[in-house]
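This report concerns only the one structure given below.
The values are calculated or read from the model by the stated rules, or taken from the named source; none is laboratory data. All figures in this text were calculated on a predicted structure; none of them were measured in a lab. A quick note on method: Cβ atoms are made from the backbone with ideal geometry, for glycine too, and the neighbour counts reach across all protein chains shown. Heads up: the accessible areas ignore ligands, DNA and RNA and are worked out on the full protein's heavy atoms, side chains in. Shrake-Rupley method; radii C 1.70, N 1.55, O 1.52, S 1.80 Å.
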Amino acid sequence: MNMRHCALPDRKTTKRTLPYNRQYVILAIYEVLDKNGAEYKKEDASTILSEISVYENSSLFSVSVSRQEEGTELSVTMVRQCEGLSESGVQRAITAVADSISQYLENELVLSKIKS
């Protein structure tokens with residue numbers, strides 16, 4: 001799987017370019033949120049705001065997608081962090097959310113074909 005990672009200067013956002021159709025990425029976001037029992041609100045066609053518990057710490061995230069030439073850009077931003085969460089904890093939580101969406105896509109679209 002070809003994927004690029006980018007942590008932005010504010011240290012509360014990560015972006016990844018995923019080699020998948022935008023609609024697949026959106027579906028993966030909802031599947032991951034549902035699987036984790038997270039409450040969420042659709043902000044617009046490309047952005048979801050959600051309270052997500054990562055490593056037993058609940059923070060507010062904005063998860064969005066945008067079309068790119070090479071696939072779909074996934075952007076995960078921590079809007080409000082859990083009280084007392086360290087800077088490294090913020091980074092781990094953002095990475096964990098992005099990883100779970102990326103892993104779901106890989107499991108569903110790549111590994112499922114290999115297992116068939």
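Annotation note: Cβ proximity below 7 Å between a residue of region 82-105 that is surrounded by fewer than 16 Cβ atoms within 10 Å (Cβ to Cβ) and a residue that is of a type in the set (A, V, I, L, M, F, W, C) (sequence gap 6+ or interchain) occurs for A96/V54.
Could you grab me the full set of residues in region 14-27 that are open to solvent by 40 Å² or more (accessible area, probe 1.4 Å), in contact with a Leu (Cβ under 8 Å, 6 or more places away or on another chain) and not in a helix (DSSP H, G or I)? Answer for region 14-27, where residues must be open to solvent by 40 Å² or more (accessible area, probe 1.4 Å), in contact with a Leu (Cβ under 8 Å, 6 or more places away or on another chain) and not in a helix (DSSP H, G or I): just K15.
Please verify whether E51 is in a strand (DSSP E or B) and closer than 18 Å to I94 by Cα, treating the condition exactly as stated. Against the criterion (in a strand (DSSP E or B) and closer than 18 Å to I94 by Cα), E51 qualifies.
Every condition in (1) under 13 Å from the mean Cα position of the chain (by Cα); (2) more than 14 Å from R16 (Cα to Cα) holds for L105 except the one numbered (2). Annotation: V76 fulfils all but one of (1) at pLDDT 95 or above; (2) part of a strand (DSSP E or B); (3) loosely packed, with under 13 Cβ neighbours inside 10 Å; the unmet one is (3).
Is region 81-100 home to any residue that is touching a helix residue (DSSP H, G or I) at 6+ places or on another chain (Cβ under 6 Å), of a type in the set (A, V, I, L, M, F, W, C) and not in a strand (DSSP E or B)?
Filtering region 81-100 for residues touching a helix residue (DSSP H, G or I) at 6+ places or on another chain (Cβ under 6 Å) gives 81, 100.
Narrowing the set further to residues that are of a type in the set (A, V, I, L, M, F, W, C) leaves none.
No; the residues of region 81-100 include none that is touching a helix residue (DSSP H, G or I) at 6+ places or on another chain (Cβ under 6 Å), of a type in the set (A, V, I, L, M, F, W, C) and not in a strand (DSSP E or B).
Residue selection: Y30 fails the criterion of being surrounded by 14 or more Cβ atoms within 10 Å (Cβ to Cβ), free of Cβ contacts under 8 Å to residues at least 12 places away in the same chain and over 14 Å from T14 (Cβ atoms). Quick one: is V54 open to solvent by less than 50 Å² (accessible area, probe 1.4 Å), within 18 Å of R22 (Cβ to Cβ) and among the aliphatic types (A, V, I, L, M)? So V54 does not fit the description; no.
For the criterion of being over 18 Å from E31 (Cβ atoms) and either crowded, with 19+ Cβ neighbours inside 10 Å or at pLDDT 95 or above (or both), S59 passes. Take the conditions (1) under 22 Å from G89 (Cβ atoms); (2) over 13 Å from the mean Cα position of the chain (by Cα); (3) modelled with pLDDT of 95 or more; R11 misses just one of them, which is (3).
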